[in-house]
1. Being among the acidic types (Asp, Glu) and closer than 30 Å to Lys3 by Cα is the requirement here; does Asp137 meet it?
2. Hey, among the residues in the stretch 100-126 that are open to solvent by 70 Å² or more (accessible area, probe 1.4 Å) and in a loop (DSSP other than H, G, I, E, B), which one's nearest to Pro2 (Cα to Cα)?
3. So, of the residues in the stretch 147-164 that are of a type in the set (Lys, Arg) and open to solvent by 90 Å² or more (accessible area, probe 1.4 Å), which turns out to be modelled with the highest pLDDT?
4. So which pairs qualify, if the first residue must be in the stretch 50-64 and under 14 Å from Asn121 (Cβ atoms), the second must be among the hydrophobic types (A, V, I, L, M, F, W, C), the Cβ gap must be under 7 Å, and the two must be at least 6 apart or on different chains?
5. Look through the stretch 1-55, keep the residues that are among the β-branched types (Val, Ile, Thr), in a loop (DSSP other than H, G, I, E, B) and surrounded by 12 or more Cβ atoms within 10 Å (Cβ to Cβ), and return whichever of them is modelled with the lowest pLDDT.
6. Within the bounds of the stretch 131-146, is there any residue that is among the aromatic types (Phe, Trp, Tyr), modelled with pLDDT under 80, open to solvent by less than 40 Å² (accessible area, probe 1.4 Å) and not in a helix (DSSP H, G or I)?
Amino acid sequence: MPKGEIKEVDKIQASFLWGDTEVKRKVHLVNWKVVSMSKNQGGLGVRSFGQVNECLLAKWWWRFCNEKQALWRRLICCKYSSRSGSWFHSQGTITNCSWIWKDIMGLAADNPTLLNFFLANSELVVGNGANISFWKDGWLRCDCLQSLFPRLFCLSSDKDGSLK
């Protein structure tokens, strides 16, 4: 959902909660961030559409990892990847793609905490190594080798090589 639309829906929710009308705007007694916190954190538990949207986009990350034979995944891999089947975070910034895929990929840049949580609670299954990037995937249960050894990566002649 576009950010402007998310803001508008949150505005409608806040207006409903505080009893705003077209004619008269009432004073909002509590910050919207507090209202949208969970009840056990002291909020009212009203969902922020921004957070719901982020969760739905993160679900596409999960689906990309788990639905290996799905037609939509194969299409994405063929269209945006040099090696079909590569873990999508390793592809870097994609500039020439659909706005939906940009939003899914852009979530990692917009919310690195969510990305770190996702990666910390995920694991790559190496298998035969054909779908794992040697340099760009964290297949050693640590950061990717490209980050750990940048000089060696620069000297490599096969930067897109698979683990296989």
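The values are calculated or read from the model by the stated rules, or taken from the named source; none is laboratory data. Here the structure is a predicted model, which means the values were calculated and not measured. FYI the Cβ positions are ideal-geometry reconstructions off the backbone, even for glycines, and counts take in every protein chain you see. The protein model used for the area step is the full one, side chains on, heavy atoms only, and it has no ligands, DNA or RNA in it. Shrake-Rupley method; radii C 1.70, N 1.55, O 1.52, S 1.80 Å.
1. no
2. In this case the residue turns out to be Asn121.
3. Among those residues, the one meeting the criterion is Arg151.
4. Qualifying pairs under 7 Å: Ala58/Leu107; Ala58/Leu114; Ala58/Phe118; Trp61/Phe118.
5. Val30
6. No - not one qualifying residue is present in the stretch 131-146.
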